[in-house]
Ligand SMILES: [Zn+2]
Ligand SMILES: [Zn+2]
């Protein structure tokens with residue numbers, strides 16, 4: 001079987017199983033571990049799957065927007081607001097479970113809460129709604145634009161767009177670590193309250 005065919009078949013198989021171990025892949029295609037690793041690496045670079053220790057997990061493709069514009073994205077694991085496409089932050093756990101957050105603010109809190117169990121985190125570009133890995137996203141933290149939870153945390157795929165946004169709305173630019181620190185500082189100021197104080201307050205009001 002040719003490499004391209006094998007990779008295609010592997011993706012179809014993964015779509016059914018949601019996760020596969022390296023051993024299963026090696027046995028099914030009768031290839032060496034090295035070849036399997038190369039395949040998985042190539043597929044991961046195309047964002048077609050996510051490698052985890054000893055295997056791979058499927059990446060759930062974002063559902064295409066429904067014709068009526070009513071996209072069901074689920075509710076936030078932190079504050080139970082409905083999650084919207086341009087702010088969506090989703091977490092895939094190592095057991096394959098999916099969790100969504102209404103915005104990067106709640107997403108980073110959920111990420112912080114689940115820590116080691118998180119296999120993959122995706123966040124949406126605030127301008128285009130396109131999902132991309134949280135690890136490589138550009139965060140604008142604490143800007144004046146707060147479409148969802150406060151303090152505002154928005155994510156951008158593109159550094160230039162993040163800077164333009166910052167020019168207009170202020171805040172600081174950082175990566176996922178900076179966002180985590182930002183949130184932790186914020187939470188330590190409200191140590192007596194459980195979870196994210198802003199989300200908790202918002203949830204109480206609604
Ligand atoms: Zn939330
Ligand atoms: Zn939110």
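Read-outs throughout are calculated quantities, based only on the coordinates presented, and are distinct from any laboratory measurement. Fair warning: this is a prediction, and the values are worked out from it, not measured in the lab. Every residue, glycine as well, gets a Cβ built from its backbone with ideal geometry; the counts of neighbours run over all protein chains shown.
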**Q.** Exposure proxy ranking, count of Cβ atoms within 10 Å, fewest first, for 128, 155
**A.** 128, 155
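Using 0.36 nm per residue, how much length does the chain from residue 32 to residue 75 gain when fully extended, once their Cα-Cα distance is taken away?
That works out to 11.2 nm of additional length.
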Q: Considering only 77, 108, 100, give the residue with the highest GNM mean-square fluctuation for the chain, with springs between Cα atoms whenever their separation is below 10 Å.
A: 77
Q: Mind sorting 79, 103 by how few other Cβ atoms lie within 10 Å of their own Cβ, fewest first?
A: 79, 103
Q) Suppose R0 equals 30 Å; then what is the FRET efficiency for residue 95 and residue 169 from their Cβ-Cβ distance, rounded to the nearest 0.05? A) 0.20
Q: Taking only Cα atoms and a 10 Å spring cutoff, compute GNM fluctuations for the chain and point out the largest among 127, 91, 189.
A: 189
Q) Among 150, 33, 18, which one moves the most in a GNM of the chain with springs linking Cα atoms closer than 10 Å? A) 33
Q) Where a ≥ b ≥ c are the square roots of the eigenvalues of the C-alpha gyration tensor, would you call region 3-58 rounded, which needs a/c under 1.5, or, failing that, prolate if a/b is larger than b/c, or oblate? A) rounded
Q: State the Kirkwood hydrodynamic radius of the chain in Å, one decimal place, computed from all pairs of distinct Cα atoms.
A: 18.3
Q: Please work out how much length the chain gains when fully extended from residue 18 to residue 158, using 0.36 nm per residue of separation minus the C-alpha to C-alpha distance, in nm with one decimal.
A: 47.4 nm
(Q) Give me 17, 27 sorted ascending by neighbouring Cβ count inside 10 Å, so fewest comes first. (A) 27, 17
